[in-house]
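Engineer: Below is one structure. I have some questions about it.
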């Protein structure tokens, strides 16, 4: 038995910040939009769990699916409301799921969706469940101060739900993962106690070294694409669409040029929703659901950690 | 064949990436306000194209925020003539 994506949904907060409204010179704003491709970002003051509750309850009501069918709830997040307990436990309670359910959180960012899928696949293969949900949710805005322009113009809060169901037919062909923890300081919410001596980290504000993340991405993403294609004895020509984590326009354009992927094979949404971390690929899947049906897709999540993961799917 | 660039070409890349009138070997993020995080990203992406994708193989290139540092790092990797 195999993993299958049955349905997808997502929630973006109502609050939206237009990049043009930032107190920056017109020239600077033009440069930012030119490179990031992002014109607006979303943020919420409400808790992560409140947003997830809204998303989950609305999804089950809208699709008329009984919650009792759900046997696992995996929450991918790096901005949890609680360090402990596991936030997925709180969601089980708040959303009235049955008690016979597996719940746990995954602390991964932009590669988290791929991690969640691979683990869900293992749960199905172990016969532990027939149906489950994967929630990718992050509120990076709570780590970003008003002065932190480089992060403010990039990251959006977003919440996505992937309803997974066991399938007889194999739709996920393969998974690949990688980690390089030497880059942990390149994208980090510092621990004030541990980082006191480090002058770069002045607060528990999200810190990002854009250039280090960029160099990581242009090195590791092409590598993992080659590896997963080779593993499946495929060439990039056999892939209908490439779905990259929506880091920024510059990163995606550089990757597509490096890999010589035709533009029409790459689907994006960064200009409309910003960098939504672990939700970026689920939101694209939802947006282009019809277009992607029965197509062969290569998805790559990459970022904070550094961590990266890829998967090939017959959607 | 490994693509290499000259010091003159490097200065042109930096000048164009930062959209400034001129740069010298003494230019850096400390004395050029255009050499901010976005400027650094521009320099790296253009350099990567010029070096035919070899940039990611160069250690510490992302931290090189001055012309002198870039020259030293690229020379060490034999990517600068």
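Engineer: Kindly indicate whether residue A:243 is more than 13 Å from the chain's Cα centre (by Cα), closer than 22 Å to residue A:160 by Cβ, crowded, with 19+ Cβ neighbours inside 10 Å and outside the structural domain of residue A:150 (by TED's automatic domain parsing).
Structural biologist: Spelling it out, it is not the case that residue A:243 is more than 13 Å from the chain's Cα centre (by Cα), closer than 22 Å to residue A:160 by Cβ, crowded, with 19+ Cβ neighbours inside 10 Å and outside the structural domain of residue A:150 (by TED's automatic domain parsing).
Listed here are the residues, each with its yes/no results for (1) in contact with a strand residue (DSSP E or B) (Cβ under 6 Å, 6 or more places away or on another chain); (2) at pLDDT 95 or above; (3) part of a loop (DSSP other than H, G, I, E, B).
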| position | (1), (2), (3) |
| --- | --- |
| A:178 | yes, yes, no |
| A:190 | no, no, yes |
| A:194 | no, no, yes |
| A:199 | no, no, yes |
| A:221 | yes, yes, no |
| A:226 | no, yes, no |
| A:229 | no, yes, no |
| A:242 | yes, yes, no |
| A:260 | no, no, yes |
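Engineer: Residues of region B:52-71 being within 17 Å of residue B:3 (Cα to Cα) and at pLDDT 90 or above, which ones?
Structural biologist: Listed by number, the residues that qualify are B:61, B:70, B:71.
Engineer: If we only count helices (runs of 4 or more DSSP H) wholly inside region A:263-315, which ones have 1 or more residues that are closer than 25 Å to residue A:80 by Cβ?
Structural biologist: A:270-273, A:280-287
Engineer: Do we find that residue A:164 is in contact with a strand residue (DSSP E or B) (Cβ under 9 Å, 6 or more places away or on another chain), crowded, with 20+ Cβ neighbours inside 10 Å and within 19 Å of residue A:246 (Cα to Cα) in this structure?
Structural biologist: No; evaluated as a whole, the condition is false for this residue.
Engineer: All but one of (1) more than 11 Å from chain B (Cβ to nearest Cβ); (2) part of a helix (DSSP H, G or I); (3) at pLDDT 95 or above hold for residue A:233, so report the exception by its number.
Structural biologist: Condition (2) is where residue A:233 drops out.
Engineer: Would you say residue B:14 is away from every other protein chain (no Cβ under 11 Å) and either crowded, with 18+ Cβ neighbours inside 10 Å or within 22 Å of residue A:255 (Cα to Cα) (or both)?
Structural biologist: yes
Engineer: Still on this structure: If a residue must be more than 9 Å from chain A (Cβ to nearest Cβ), surrounded by fewer than 21 Cβ atoms within 10 Å (Cβ to Cβ) and touching a helix residue (DSSP H, G or I) at 6+ places or on another chain (Cβ under 7 Å), how many such residues does region B:35-65 contain?
Structural biologist: 3
Engineer: Can you name the residue in region B:66-81 that is in contact (Cβ under 8 Å) with a residue 60 or more places away in the chain and either part of a loop (DSSP other than H, G, I, E, B) or facing chain A (nearest Cβ under 10 Å) (or both) and, of all such residues, is nearest to residue A:28 (Cα to Cα)?
Structural biologist: Going through the qualifying residues, I end up with B:79.
Engineer: Same structure, new question: Looking at this structure, is residue A:250 within 24 Å of residue A:207 (Cβ to Cβ) and in contact with a strand residue (DSSP E or B) (Cβ under 7 Å, 6 or more places away or on another chain)?
Structural biologist: no
Engineer: Would you please list the contacts, defined by Cβ atoms under 8 Å and residues six or more apart or on different chains, that run from a residue in region A:190-219 that is closer than 18 Å to residue A:143 by Cβ and within 14 Å of chain B (Cβ to nearest Cβ) to a residue that is at pLDDT below 75 and in a loop (DSSP other than H, G, I, E, B)?
Structural biologist: A:207/A:200; A:207/A:201
Engineer: Go over the candidates A:256, A:271, A:209, A:278 one by one and state the one that is under 20 Å from residue A:186 (Cα atoms) and surrounded by fewer than 21 Cβ atoms within 10 Å (Cβ to Cβ).
Structural biologist: After applying the criteria, what remains is A:209.
The values are calculated or read from the model by the stated rules, or taken from the named source; none is laboratory data. As the structure is a computational prediction, the values presented were derived from the model and not from experiment. Every residue, glycine as well, gets a Cβ built from its backbone with ideal geometry; the counts of neighbours run over all protein chains shown.
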